[in-house]
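Here the structure comes first, spelled out in structure tokens, and everything after it is commentary.
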Amino acid sequence: MSARRATRALIVNLTRFGDLLQTSPAIATLRAHHPGVEVTLLAERNFADVCDDVPGVDHVVRVDLDRLGGLMLRGGAALLDGYRYVEEVLAELRAADYDVALNYSSSRMTAVFMGLLGIRDVRGWSMTPDGFRVIHHPWARLFATMCLNRRVAAFNLVDYYREMAGGGGGVEPLRYVVREDAERAAAALLADAGVRDGVPLVGLQLGASREIRQWPAAAFGALGRALAGAGHRVVLVGGRGDRALAAAVAAEIGGGVVDACGKTGIAELGALLRRLDALVTGDTGPMHMAVAVGTPVVGLFFGPASPFDTGPYAPDNVVLHANAPCAPCDHNVTCLQPFCRTEIEPQLVAAVVGARLAGDWATLDRLAQTTATARLYRTAFDADGRYRCDLLGTRPARAEDELRRAYRATCLALLANAPLPRPQAARVDAAPFSGVAQLARDGSALAARLRRAVGREPFEEIARLGRELDALDRMIAEHGGAQPDTAVLTQMFKFGKENLEDADVATLAAATRTLYDELARGADCMTTLLGGAAIEEESDDGRLHQ
């Protein structure tokens, strides 16, 4: 983090409204490090309205990606109109003269924007003048790495955002301010549906951004019937596109359902969610909105959703994760048999909702122990304010759980100078990490020889050492492919090499040696932790913390 105090900051997040809500802790963190900083949020027009009620945002610049995409598709003269539109956006941003930019969007377009704006301190994705991608800030590179290795994702998305903003400061919750006019609208909606004060309200968020993320309508219907039978009033939540789904679910449940699908804007949605006693939802924007307004969440995670990287960022939420061996699947894969959507049973969810509303964690532990189709987690924060998922029940750790915890401890050792926890016995083979460490040490020695050779040895010798380093880098990449448990380390190394800037050979050799040394240290940490490690963070209750 730069020691200079920033006066104007740009945050780029051209994704959906849930992701925008997840920037709110980073905004608070940035303001803590730079008191008085003026914060501008660059957001996609369709979702930018949520930014108006996120604390700490001074200005919102709305980008109309639909318009830009339409111009690109039309081609011809429309391409010039698209160029002019991009120039208008860039001119507005250049005029603000930002000191720091946090680019939380990994798209090539935002990387180009960062390269063109020329902001002194860019964290996240950017572009060099000759068109090569770079990822500034070690936590941004770790985020990019974990996106490619999601089965061992070690941190929540919000924590990557916060670390890029400066980190520290303990727990920072998601934040959203519910306006009074939105409160009145939500109250009127419930009153018109005949909802009386004191009746427990459980919301069902029906829709999702993709079908693979959406629980079946029949499952929602069965859950709604069970909740209604237990004395809860069911509120259906969703957008205009979910109206047909809501009608089908309401018919399955029967009378007494409050159908709010398509009847709220973003502000009114926040007010409605705040009035619920709990929300049952997939990994959706409304899930993050519920967290931001303080409503307990029962999350249903399957398909590409992982509770470790995008789970509800608040303590004491419950997440059910489908116990599928292929979970989480890749965002870019189209699954031909998405059986994981039916693995989580409505009767189990109803029991979880009842126990969570009662604060009965002992029953939740028993439910976790007796179901075979899902793993249940309780969300929490560690001593430094970073999100974690605690496995409910007493099930043994899986190999991927051991890897995830080892990577979390290793990354904290490398990036936050945290001490390693005490190693314990693990089932994951540590030998591949020893192999990475040896390759990294060979690279460090070669880079040191190259640096000493500059100015002393003939060009042919310098070129030969360069070719040896290239060959070693290929060996490291091949090792990561052949031994996928090590891929986080080898991918981080690859991103680091891509980030090296043009310089004289001696300077590049020194920077390269530093990367090899970091890779060796990371591999040594993993070898230590897995060579005798199921690195559980011990607590009084003996839980498995991940």
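The values are calculated or read from the model by the stated rules, or taken from the named source; none is laboratory data. Only a predicted model underlies this, so the values are computations on that prediction, with no experimental measurement involved. Ideal geometry is used to build each Cβ from the backbone, glycine not excepted, and the neighbour counts take in all protein chains shown.
Odds and ends about this structure:
- Within the stretch 196-220, if we keep just the residues that are of a type in the set (A, V, I, L, M, F, W, C), out of contact with any strand residue (DSSP E or B) (no Cβ under 7 Å at 6 or more places or on another chain) and under 20 Å from A305 (Cα atoms), the residue that is surrounded by the most Cβ atoms within 10 Å (Cβ to Cβ) turns out to be A208.
- Candidate set: the stretch 273-320, residues that are in contact with a His (Cβ under 8 Å, 6 or more places away or on another chain) and hydroxyl-bearing (S, T, Y); chosen: the one farthest from E183 (Cα to Cα): S306
- Selection of the stretch 362-391 for residues being touching a strand residue (DSSP E or B) at 6+ places or on another chain (Cβ under 8 Å) and either under 21 Å from P173 (Cβ atoms) or not assigned by TED's automatic domain parsing to the domain that holds A322 (or both) yields Y377, R378, T379, A380, F381, D382, Y387, R388, C389, D390.
- All positions within the stretch 29-60 that are of a type in the set (A, V, I, L, M), part of a helix (DSSP H, G or I), buried (at least 20 other Cβ atoms within 10 Å of the Cβ) and in contact (Cβ under 8 Å) with a residue 40 or more places away in the chain: L30, V50
- Taking the listed residues A140, A144, the one that is touching a residue at least 40 places away in the same chain (Cβ under 8 Å), under 27 Å from T410 (Cβ atoms) and under 27 Å from the mean Cα position of the chain (by Cα) is A144, with no other qualifying.
- Per-region count, the stretch 229-244, residues buried (at least 20 other Cβ atoms within 10 Å of the Cβ) and either among the β-branched types (V, I, T) or touching a Gly at 6+ places or on another chain (Cβ under 6 Å) (or both): 5
- Being crowded, with 21+ Cβ neighbours inside 10 Å and assigned to a loop (DSSP other than H, G, I, E, B) is not true of A372.
- Candidates A193, A247, A226: the one that is at pLDDT 95 or above and either buried (at least 18 other Cβ atoms within 10 Å of the Cβ) or closer than 27 Å to D49 by Cβ (or both) is A226.
- Candidate set from the stretch 239-262 (those that are within 24 Å of H321 (Cβ to Cβ) and free of Cβ contacts under 8 Å to residues at least 40 places away in the same chain); member that is farthest from the chain's Cα centre (by Cα): L245
- Residue in the stretch 77-90 that is surrounded by 15 or more Cβ atoms within 10 Å (Cβ to Cβ) and in contact (Cβ under 8 Å) with a residue 60 or more places away in the chain present: no
- Yes/no for L93 being in the same structural domain as A140 (by TED's automatic domain parsing), modelled with pLDDT under 95 and not basic (K, R): no
- Checklist (1) small (G, A, S); (2) surrounded by fewer than 20 Cβ atoms within 10 Å (Cβ to Cβ); (3) in contact (Cβ under 8 Å) with a residue 40 or more places away in the chain applied to A322, failing item: (2)
- Residue in the stretch 424-441 that is out of contact with any helix residue (DSSP H, G or I) (no Cβ under 9 Å at 6 or more places or on another chain), basic (K, R) and either exposed (fewer than 14 other Cβ atoms within 10 Å of the Cβ) or more than 30 Å from L529 (Cβ to Cβ) (or both) present: no
- For the stretch 95-145, a tally of residues being of a type in the set (A, V, I, L, M, F, W, C) and not in a helix (DSSP H, G or I) returns 10.
- Verdict on R141 being at pLDDT below 95, of a type in the set (D, E, K, R) and more than 29 Å from G294 (Cα to Cα): no
- Evaluation of L412 against the conditions (1) in a helix (DSSP H, G or I); (2) touching a residue at least 12 places away in the same chain (Cβ under 8 Å) shows that the sole unmet condition is (2).
- Evaluating G262 against the criteria (1) outside any helix (DSSP H, G or I); (2) farther than 27 Å from T310 by Cβ; (3) not aromatic (F, W, Y) leaves one unmet condition, (2).
- Filter result for G354 (farther than 30 Å from P423 by Cβ, out of contact with any helix residue (DSSP H, G or I) (no Cβ under 7 Å at 6 or more places or on another chain) and buried (at least 18 other Cβ atoms within 10 Å of the Cβ)): yes
- Unique match (being in contact (Cβ under 8 Å) with a residue 60 or more places away in the chain and within 20 Å of W215 (Cβ to Cβ)) among Y387, Y377: Y377
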